[in-house]
Structure formats: structure tokens, C-alpha cells
Amino acid sequence: MKYKKTKLPNGLRIITIPTKSPATTVLIMVETGSNYESKEHNGLSHFLEHMCFKGTKNRPSAVEIALEFDTMGSSHNAFTSNEFTGYYAKAERKQWKNILNILSDMYLHPTLPETDLERERGVILQEISMYEDQPQAIVWHTLFELLYGDTPAGRQVAGTPENVKRFTREDFVSYRSAHYVASKTVVVVAGDVRESDVKGEVMKYFKEIPRAKKLAKEAVEVHQKEPGLLIHDKDTDQVHMVLALHAYKATDKRVPALSLLSAVLGNGMSSRLFHKLRHEMGACYYINTHNEEYTDHGLLTISTGVDAKRVREVVRVILEECARLLKAPIPKEELDKAKEYLIGHLYLGLETSDSLAEFYAGQEVTKGRSETPEEIERALRRVTPKDVQKIAGDIFRNEKLNLALVGKVEDKEELRKVLTF
């Protein structure tokens, strides 16, 4: 799958992904998120994302922006994560220039009106409250607090209610000036377009984007020496848990082997953990494994929800299944199945223009470059059983092991005793 990347003299990057899709997606991504915030400004990236929809110099109100998007039948939204913020819209292919016009206006010329700022505080406070009512969301907040403590990587993307109530318009203006600059901006267009047309339109709209030095985030450092455990006590019907192991950043060459280790453990209904915990033990409804890669750190996570009485049993079984990968290489047939699973889902996940846009933009931010699906497939196919066993030996260690739980957990010291390889 071919794509074209262009870096303009001002540092802004353009990625064009030609496809024959009837829809085209425009995505503007900026290299900033909660990991770039101070403690006092935690939540500012997310709040600013909301405020960019509230009016621009050319479209003075949120209603006007929404009306233009709706009139062309588009799907539009935005998102904020730890390391990036994105604004996107998807519509019939003939509308891509109109989409770029609106999104660039929101990105470059938001008015950040005081009246909307006050109203949006309430919206975000309700968003935070919504997540606090969801144990499956709380457990991830608990995990990152356990892993990274009182650092940017350990805080919530939405911030704290105290911060949300305190932010001023000047905070947003100052933060935008520092981060929404050419060197931190990536514009992606995926659809039935020509690269030369995309470059021309982007240069037209972004010719006056501010130039400034790219501000870095606080580096993520890990100083763990023994298994970590953190429990969020909450009256729930289930105990939700995430077992996490420190792993590799996005550019690490071991990521393909780690992805296959994850797939063997818990991707699909024939995976080892799904078969053991659900089919054999009847202990859970869901069990998922996933590897997360960031610019300077990474994780392998195993998540599930179980009856409080079975927490220790389930943790013990999960660790036993992990230990099996230390003792013997994965049979070739099982590894081949995992490869086909990952490769198949890779291509299935890129069937739409918006998924393609996010795929390439995310890699650009976390890796500084993009790999095509074909390149990723080739890397996965090269992995051997010994490669996966070597990864298991590197990450399945007590000093990399962590467990976060939400619910009513008894015998916490007994649980701690089980948490070991």
C-alpha cells in the first residue's frame, strides 16, 4: 500500500494515502497530549481539543462548524491521548477540500470564546464522572498511576476536576502557542486523491502556521525492582484487573516478536488464555492481551474481569501461562496461526479511509516514520519460535511485573504472594 510523505520547509509533514475508497478522510494530528503537560496543566490538551470546535475567526460559532460538516454528510470528531491529539473528518471523496478548509480553520484560528469555555467545563466534568462510573476505565487509570506515579505518564488524559475548574482562556492560548506549531503538525489525507493536489491545498491553508522549536515531553523512566500492586477499592459485581509488564517503545526491533507473544497468549478465541480461563475454567467473559508502544516506552497488558473470590486463582493461572513461554518455544503451527491472525486483522483494520489515516499518523508521531502494512507483515513472518521465547525471557520478570485491580479484593497480602514468576 503506497503512501507519500512530504516535509515542508517549515517542518510540517504531509502524508497522502491514495485509495479507491468512495470516502476521503482528512486528519490533522499534533504531537502533544497529556504526557506533555505539567501537573498544574494536566487535562489542558483534552480541554483544548473540545474548545477548537467552539468557533473560529471564519466560523464564529460551534453551530456554524457543525452545520458545514453536516451539510456535506460528514463524520467528524477529535481525540486526545498521551502523546498526540487529532482532529478529523470523513466524507464523500469530492468533499475533501472542504473538509481540509474547515479543519485547518479550527486548528489554526480557534477563538476559544469565554462563554463556551465556561459551558464546556461542565461537559468535561461529566465526562470525567462518566469514566469514574466505569470500572473497566478506572482500572486503566489505576494501572498508569501504579506504573508511573506522579508524573505526566501516570496522570489521566482528561485531567482532574480541580484543574478543569481552574483553567483560564490564557492557559489555552499559551499552550496552543507552544505546541500547535509546524514542526509538531502532521496533515494526513486518505482517499481517492492525488498527492500533488493535497500538497497544494495544505500549503495554501498552512502557509502561516507558526514556526517554533518542538517542545519535548518529560521522559518516561522506570525504576521498578519488584512486582507492583495497586487496588482501587470499589463496590462492584466483578473485579476488573490489568496485569502489565514493561516492554518496548515503538521503534524497537523486538516489537514484532512481542506482538506474536501477545497473540499467542490472548488474541482470539483459540489463544492460550482464552481457552484456559474461559473454556476450561469458566472464570471470565473477556480476556485480552495487547502491546502498547509509545515514543520512549511500552507495555504488554493482559486484562480481564472475574469474580472477587477467584482473583488469586486467575492471577496464578495467567502467570503460569506466561511462564510456559519461558520454558519451551512455541510450536511452529501455533506461531503460524498467530501470524495469520495478526496479519489478517491488520488488513481488516485498514479497510476504511479513517483507519488508514490514523494508522499512518500514529506511526509518524510515535516512530518518526511510517511502515506500510506489507512491511509489518514481512517483519511478523520473519519471527521464529526462539525469537518469541527470548522476548518472554526478557519481559516475564518480577521487576517488570505489575497488577492493577478495581473492586472488592480480600486477602491482599495473599494476592501479593501469588504475584511472582
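Could you check, for region 113-134, whether at least one of its residues is in contact with a strand residue (DSSP E or B) (Cβ under 9 Å, 6 or more places away or on another chain), assigned to a helix (DSSP H, G or I) and crowded, with 17+ Cβ neighbours inside 10 Å? No, region 113-134 contains no residue that is in contact with a strand residue (DSSP E or B) (Cβ under 9 Å, 6 or more places away or on another chain), assigned to a helix (DSSP H, G or I) and crowded, with 17+ Cβ neighbours inside 10 Å. Can you give me the ranges of the helices (runs of 4 or more DSSP H) entirely in region 289-386 with at least 2 residues that are in contact with a Leu (Cβ under 8 Å, 6 or more places away or on another chain) and under 18 Å from Lys253 (Cα atoms)? By residue number, 332-348, 373-382.
For region 75-99, the set of residues classified as assigned to a strand (DSSP E or B) and buried (at least 17 other Cβ atoms within 10 Å of the Cβ) consists of His76, Ala78, Thr80, Thr85, Gly86, Tyr87, Tyr88, Ala89, Lys90, Ala91, listed by residue number. For region 304-319, the condition holds for no residue, the condition being that it is touching a helix residue (DSSP H, G or I) at 6+ places or on another chain (Cβ under 6 Å) and under 23 Å from Leu380 (Cα atoms). When Lys199, Lys249 are checked against the criterion of being part of a loop (DSSP other than H, G, I, E, B) and either of a type outside the set (Asp, Glu) or closer than 30 Å to Ser21 by Cβ (or both), Lys249 stands alone in meeting it. Condition check for Val222 on (1) under 14 Å from Ile14 (Cβ atoms); (2) in contact with a strand residue (DSSP E or B) (Cβ under 9 Å, 6 or more places away or on another chain): one failure, at (1).
The number of residues in region 368-378 that are loosely packed, with under 15 Cβ neighbours inside 10 Å and either among the hydrophobic types (A, V, I, L, M, F, W, C) or closer than 18 Å to Lys2 by Cβ (or both) comes to 5.
Since every read-out is calculated from the coordinates, none of them should be taken as a lab result. Bear in mind that the values here come from a model prediction, so they are computed numbers and not experimental data. No Cβ is skipped: glycine too gets one built from the backbone with ideal geometry, and neighbour counts run over all protein chains shown.
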